[in-house]
Amino acid sequence: MMGVGIIVPLLPLYAKKLGATAFEIGMIFSGFSIARMVFMPIVGRLSDRYGRKPFLSVGLALYS
């Protein structure tokens with residue numbers, strides 16, 4: 001959750017430097033939230049079935 005929580009205060013700073021509008025920042029937050037809402041239950045069920053370690057490993061690899 002730390003990785004998710006750190007995005008909220010930092011994204012507007014980066015977006016301003018890149019010239020993003022408030023609407024574009026809102027769309028980024030909305031897209032992130034919707035994707036998370038859709039995929040968390042799916043990945044949760046799969047990790048219950050196949051174990052958490054493979055999903056944590058893949059998630060960390062994709063995140064970095």
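The values are calculated or read from the model by the stated rules, or taken from the named source; none is laboratory data. What you are looking at is a predicted structure, and each value in this text was computed from that prediction instead of being measured. Cβ: placed from backbone, ideal geometry, glycine included. Neighbour counts: every protein chain shown.
Give the residues of the range 45-54 that are in a loop (DSSP other than H, G, I, E, B) and surrounded by fewer than 10 Cβ atoms within 10 Å (Cβ to Cβ), sorted by residue number.
If the condition is that a residue be in a loop (DSSP other than H, G, I, E, B) and surrounded by fewer than 10 Cβ atoms within 10 Å (Cβ to Cβ), then no residue fits.
Every residue in the range 1-44 that is basic (K, R) and surrounded by 10 or more Cβ atoms within 10 Å (Cβ to Cβ), please.
Passing the criteria: K16, R36.
Filter the range 2-44 for residues that are among the charged types (D, E, K, R) and more than 10 Å from the chain's Cα centre (by Cα); which is modelled with the lowest pLDDT?
K16
Is there any pair with a first residue in the range 1-17 that is farther than 25 Å from M40 by Cα and of a type outside the set (S, T, Y) and a second that is at pLDDT 70 or above and surrounded by 10 or more Cβ atoms within 10 Å (Cβ to Cβ) whose Cβ atoms are under 9 Å apart and which are 6 or more apart or on different chains, and what are they?
Short answer, once both residue conditions are applied: A15/T21; A15/A22; A15/E24; A15/I25; A15/I28; K16/I25.
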